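A quick write-up on the structure given underneath.
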Amino acid sequence: MGDRVGTGIAGLDQMLEGGVPAGHIVAVIGSCGTGKTTLALQYLAAGLKQGEKGIFISLEEDEAAIMQTSKSYGWDIEPQIASKNMAVFKIEPSEAKVALARIKTDLPNLIKSMGAKRLVLDSVSLLNMLSTDEAEKRSILFALCQQIKGAGATALLTAEARPENPTASRDGLVEYVADGVIVLSYVVPGSGGDVQLSIRVMKMRRTKHSRAIKPYNLTSSGMEVLSASQVF
Ligand SMILES: Nc1ncnc2c1ncn2[C@@H]1O[C@H](COP(=O)(O)OP(=O)(O)OP(=O)(O)O)[C@@H](O)[C@H]1O
Ligand SMILES: [Mg+2]
């Protein structure tokens, strides 16, 4: 079965035979507010808890906001950043082209020199705005994944969902490049009442994963997947 990297979310690990296979690149697709950044931070926090270093590359929130968000869930990453167990990089979308070139040359070394086991890129959708050419986008994404893999990290790439098809990413690319796809979505009950958040594993290479759609909650201690319950 190979080594598994725990996500920090017990119910999700149960759906994945214990976690994400080490070395995989997993896309987390969801529409706005479904908890992509939360899941990504929870994943890094779980690593830090067991002494695994992590890198968070953000194209959305800056370092201060990420520290705040993380702290609000009870994961204080500030000391971890200070002691170099974690690194946060904010890429301004306006500088993304330069940043991407730098990522290409520096990321493998950074992962190796830090000894980072986990990496997050939040979000890949903004990275894809770099180009309008499908083939170029695909090759940018593919090269990035190769670099992460070559350096031996297990990565989560968040991606915005397509409005007309919430189980696909906005560009429809990352799900093909990634080894795994986790989809966060919501169901609006016909009878009214609260929106129900739901999670499913669409693909996870080399894993006999659950195909069930499970409800989850966003709580003050992060994402909680109710693996014993059914959405439908
Ligand atoms: N302390 C908390 N307790 C409970 N729920 C929270 C808490 N903090 C945030 N949330 C919920 O999490 C949601 C935001 O989650 P998150 O930022 O991870 O989503 P996202 O998918 O990354 O969103 P975006 O598309 O904007 O990047 C909030 O809208 C709120 O519903
Ligand atoms: Mg987010």
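Bear in mind that the values in this text are calculations on the coordinates, not laboratory data. Remember, it's a predicted structure, so these values are computed and weren't measured experimentally. Glycine also receives a Cβ, built like all others from the backbone with ideal geometry; neighbour counts cover every protein chain displayed.
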- Calculate the spin-label point distance for Glu134 paired with Ser113, positioning each point 7 Å from the Cα along the beta-carbon direction, and give it in nanometres. 4.0 nm
- Task: Please give the FRET efficiency for Val187 paired with Ala65, using the beta carbon to beta carbon distance and R0 = 30 Å, rounded to the nearest 0.05.
- Result: 0.55
- How much length is gained if the chain between Met202 and Ala82 is pulled fully straight, taking 0.36 nm per residue apart and subtracting their Cα-Cα distance, in nm to one decimal? 39.5 nm
- Note on the structure: Per the charge dipole of the chain (beta-carbon charges, Lys/Arg positive, Asp/Glu negative, Cα centre), the residue among Thr158, Gly2, Tyr73 reaching farthest to the positive end is Gly2
- Calculate the spin-label point distance for Ser94 paired with Asp194, positioning each point 7 Å from the Cα along the beta-carbon direction, and give it in nanometres. 4.1 nm
- Message: 5 Å is the cut-off here: which amide hydrogens, built 1.01 Å from N in the peptide plane, fall below it relative to Ile77, excluding neighbours closer than 5 in sequence?
- Response: Lys71
- Roughly how big is the chain's charge dipole about its Cα centre, with Cβ charges of +1 (Lys, Arg) and -1 (Asp, Glu), in debye to the nearest 20? 780 debye
- Query: Label-point separation (nm) for Ser221 and Ala10, each offset 7 Å from Cα along Cα-to-Cβ?
  - Reply: 0.9 nm
- Could you order peptides 213-222, 117-126 by the average number of other Cβ atoms within 10 Å of their residues, highest first? 117-126, 213-222
- Can you check what the Kirkwood hydrodynamic radius comes to for the chain, Cα pairs only, in Å to one decimal? 17.7 Å
- Here Rg/Rh (Cα, Kirkwood) for region 1-87 equals 0.96
